[in-house]
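Worksheet for the structure shown next.
The values are calculated or read from the model by the stated rules, or taken from the named source; none is laboratory data. All figures in this text were calculated on a predicted structure; none of them were measured in a lab. With ideal geometry, Cβ positions are generated from the backbone for all residues, glycine too; neighbour counts draw on all protein chains shown.
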Amino acid sequence: MRPTKKTLSYVLVLAALLMFAGLGGWYFFLNRQAETVSATDASRGLRSEAPSQSAGNIYNNIVSGITSLVERDGDETREGAPPPQLQKITKTPVAGMAFGAGTSSVLYFAESSTGYIFSADTSTGAVERLTNRLFPKTQEAVFSRDGSVVLRSIDENGDIASFAGKIATSTSSETVDGGAMLSGKYLERNISAIVPAVFSRELLYIVKTPFGGADGILSSWDGMRRKTVFSSPLSGWYPISLADGRIFFVLRPADNAAGFAYELKNGSLVPQVRDARGLTYLPNTSSTAILYGESGGGSLALFARAQNDATSLSLPIRTVADKCVWSTEGPAIATTTTPKIFSKKPAPMVKPLVAYCAVPQFVTSNAFLGDWYRGAIHTSDSWWRVDVSADTVELIFAPETDTPIDVESPIMDDRGEHIAFINAIDKTLWLLRIKPEKIKTTP
Amino acid sequence: MGTMMTKEGRVAAAGALIILSALFLFAAPAYAQFGNTADGRLFLSVSPEYPGPNEPVLVSLWNAIVDLTGSDITWYVNNKVFAQGVGMTKASIAAGPLGSETNIFATAQTRDGLYASGNASISPAEVDLLWESDSYTPPLYRGRALPSAGTGVRAQAIARFKPAGSAQLPERDIMYTWKRNGSVVASLSGKGMSSAYIRAPALFGTDIIEVAASAIDGSAGGRARAEISSVEPVLVLYENHPLFGIMYNRAFDDTASLSDTEATFAAVPYFAEAENPDDPRLIYSWSVNGKKIPSDELNRSELTVNSANSNGLAQIALSLTHASNLAMSASRAWRVSFGSGNDIFTGFNPFPALSE
């Protein structure tokens, strides 16, 4: 049977309707996608107006975006008012951060998704993107004091890639698009832990050997010169390098398992802490004081030792040394019980042995370290000041209960005024202002 | 160095104190140690057998022939009288610091006038026993790899022997004896054998690993032990985010909620016998809402779920076994709600403006 003209016209009308419906659907789909993209951009701070520069979307998204990423507790900051004690610096995850040398207000950080390096002036809120070289999915960023950085990520083979670079100066010809090139080189694969060796402007890292062990390497930033300073048949070590030149190697911790920390002295391992369950370790620069934590039997304990031959003191706060940072407060003039009024000798300058620790308000796990390292649990921390010399602790900040802060990788500026840290819950960057302590003087 | 003599000999014995130094010069070096063991001579034993630096050491005297309980006993430590008393057959002495040698000399005079003496020296040493497993942990994991059945344990002994007045003994001059549950593992023991690779304890088992280290000349020794338990592999699920990669900081809890309608999940088998999560020996069995999902051959540890045409609720279940290790098995399930506008499982949303 041949189709009639009427049938044909029905088919045509139906086809036209279907076509209009499809186009409509496509329109709404595109519109929805655009809204999503806009919302995403807005969350990163993209201005609603069109970018005025011709530099391209990525540049503008990030630079303009990051300005609005600087957040001050609900934007309640008023002109002239002091900044809040706790500030959220970024909304998006960061891979690492460092304070500018000698400053308390400039904070450098690497964005996790892009590997871009930014500087944030925490007093003014001004943020500047410093680099424009893309390092997607940066898991960890390690900064040195001179502006060099190591960006670490996992490649498609599951290997650790570590790019060691230096930020080009603003006058450099490499500066483009408002950001500078990050020039540098990839270091060898599978560096399991790396820190800048502050005293020698080198890198100190642990790299696994083919037979399951590890070597500790001192290397130039370009990886061209390297020296093995430590070897072990075990691979699970992490290094610590202090500004006074001391180097430590610590066996990675596990709840209930004996942990060990050693100082490398003249090529030998000198024990610092032995046989401590679930050991986390934090040595102090310029003194032999240490803080160390233990995790065993379902509970946490923190200890302080003022010097090498002193007895360890159990502190009345329960946390891990990973959540602590030694204070960089300047030296205070020592007070004496019987001041010599007519003495012409200046009173000795004594650096107080003070640390700041984030302390979980509740610990819900019997195997805290493992669960915390795996991201299976998070804590809500308050900040405590630990005076090791005086054997006292003092609560200095407890965040709002609706804003849990799980402190990770805390660092302190050179002036001892701020602590920057990552909130492990979402990897955002935060800043805590420490009230400067009044300095006591002798008469 | 012990002697047994009659009363006449006591005159000579009275000068013993004067010549103690000389005697020590000829004393055979020993760690924790005994003087002469021949019949009729004083025998000194120390506990612990391998004392560490500055540790208290209990030294005991005995003699098979002489009744010491009624004897006048004098203890000398480094040529000085340390303790004296009738029947004082035990003395608590502190070992010196690393690198020191503490010389102990004891004399006993019986009611019958017999005289006996013996000596020992203590050279404290330290031995640390460190261990880890070769089980799988992610590349930047900050904790230690723990053993599970089928994996191995790498152990390292770090011994510190410093004979008085000389440098620390090098590893090659130290004899290591490894024991597993009390039995010597001969293949791992020997001169300079400071490390060992041992199979992990059986499923749910605990092994006691011990290492004894002694100087080849017998001048010092120490030991250490560790109780090592096997754990079950821990199966953890993370989001493999297109911008951030695998978000190791946020493990999915049993119940989770995501703002997106599509997500890629990455399973990480902590402490499994594997080189990486996609190790061909690992067998992943994924299911979503009870329906088995064939996994991607290249990324078998990952699963992408798109909830666009569903009610947004996914019951994700994962079972993990091992092709050659029958003891390895782990399974877990997660209830994930997609497109809920908020990441409830964490309160985490890297782009909070989206949900504001």
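Regarding segment B:110-120, can at least one residue be identified that is under 30 Å from residue A:251 (Cβ atoms) and either touching an Asp or Glu at 6+ places or on another chain (Cβ under 6 Å) or in a loop (DSSP other than H, G, I, E, B) (or both)? Before you say what the answer is, go through the steps one by one.
So the first thing to find is which residues in segment B:110-120 are under 30 Å from residue A:251 (Cβ atoms), and the list is none.
No, segment B:110-120 has no match at all.
Condition test on residue B:156, is it at the interface with chain A (Cβ under 10 Å from one of its Cβ atoms) and in a loop (DSSP other than H, G, I, E, B)? No: the conditions fail for residue B:156. Counting the residues of segment A:223-250 that are in a loop (DSSP other than H, G, I, E, B) and surrounded by 15 or more Cβ atoms within 10 Å (Cβ to Cβ) gives 7.
Which one of the conditions (1) within 14 Å of chain B (Cβ to nearest Cβ); (2) over 27 Å from residue B:143 (Cβ atoms); (3) not small (Gly, Ala, Ser) does residue A:222 fail to meet, given that it meets all the rest? Going through (1) within 14 Å of chain B (Cβ to nearest Cβ); (2) over 27 Å from residue B:143 (Cβ atoms); (3) not small (Gly, Ala, Ser) one by one, residue A:222 breaks only (1).
Every residue, every condition in (1) under 14 Å from residue B:120 (Cβ atoms); (2) in a strand (DSSP E or B), yes or no:
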residue: B:59; (1), (2): yes, yes
residue: B:68; (1), (2): no, no
residue: B:83; (1), (2): no, yes
residue: B:88; (1), (2): no, no
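Scanning segment A:391-411 for residues that are in contact with a strand residue (DSSP E or B) (Cβ under 6 Å, 6 or more places away or on another chain) and in a strand (DSSP E or B) yields A:393, A:394, A:395, A:396, A:397, A:407, A:408, A:409, A:410, A:411. Close contacts from segment A:272-291, counting a first residue that is on the phi > 0 side of the Ramachandran plot and a second that is among the polar types (S, T, N, Q), with Cβ to Cβ under 9 Å and a gap of 6+ residues or different chains, come to A:278/A:256; A:278/A:295.
I need the strands (runs of 3 or more DSSP E) fully contained in segment B:173-284, keeping only those with at least 3 residues that are at pLDDT 95 or above. Reasoning before the result, please.
Details: elements: B:174-180, B:195-199, B:206-215, B:221-229, B:234-241, B:255-257, B:262-270.
Output list reads B:174-180, B:195-199, B:206-215, B:221-229, B:234-241, B:262-270.
Only one entry of A:214, A:164 meets the criterion of being within 22 Å of the chain's Cα centre (by Cα), at pLDDT 95 or above and farther than 24 Å from residue A:325 by Cα, and that entry is A:164.
Rundown of residues vs (1) over 16 Å from the mean Cα position of the chain (by Cα); (2) within 14 Å of another protein chain (Cβ to nearest Cβ), yes/no style:
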| position | (1), (2) |
| --- | --- |
| B:179 | no, no |
| B:190 | yes, no |
| B:194 | no, yes |
| B:203 | yes, no |
| B:210 | no, yes |
| B:215 | yes, no |
| B:238 | yes, yes |
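Restricting segment A:255-269 to residues that are assigned to a strand (DSSP E or B) and more than 9 Å from chain B (Cβ to nearest Cβ) leaves a set whose member that is farthest from residue A:368 (Cα to Cα) is A:265.
Does residue A:153 satisfy the condition of being at pLDDT 90 or above and crowded, with 21+ Cβ neighbours inside 10 Å?
For residue A:153, the condition - at pLDDT 90 or above and crowded, with 21+ Cβ neighbours inside 10 Å - is met.
If only residues of segment A:382-397 that are touching a residue at least 60 places away in the same chain (Cβ under 8 Å) and either surrounded by 19 or more Cβ atoms within 10 Å (Cβ to Cβ) or among the polar types (S, T, N, Q) (or both) are counted, the one that is nearest to the other protein chains (Cβ to nearest Cβ) is A:397.
Is segment B:118-130 home to any residue that is under 30 Å from residue A:161 (Cα atoms) and either within 11 Å of chain A (Cβ to nearest Cβ) or in contact (Cβ under 8 Å) with a residue 60 or more places away in the chain (or both)? Reasoning before the result, please.
Taking segment B:118-130 and keeping what is under 30 Å from residue A:161 (Cα atoms), we get B:130.
The next check asks that each one be either within 11 Å of chain A (Cβ to nearest Cβ) or in contact (Cβ under 8 Å) with a residue 60 or more places away in the chain (or both); those that pass are B:130.
Taking every residue of segment B:118-130 in turn, at least one turns out to be under 30 Å from residue A:161 (Cα atoms) and either within 11 Å of chain A (Cβ to nearest Cβ) or in contact (Cβ under 8 Å) with a residue 60 or more places away in the chain (or both).
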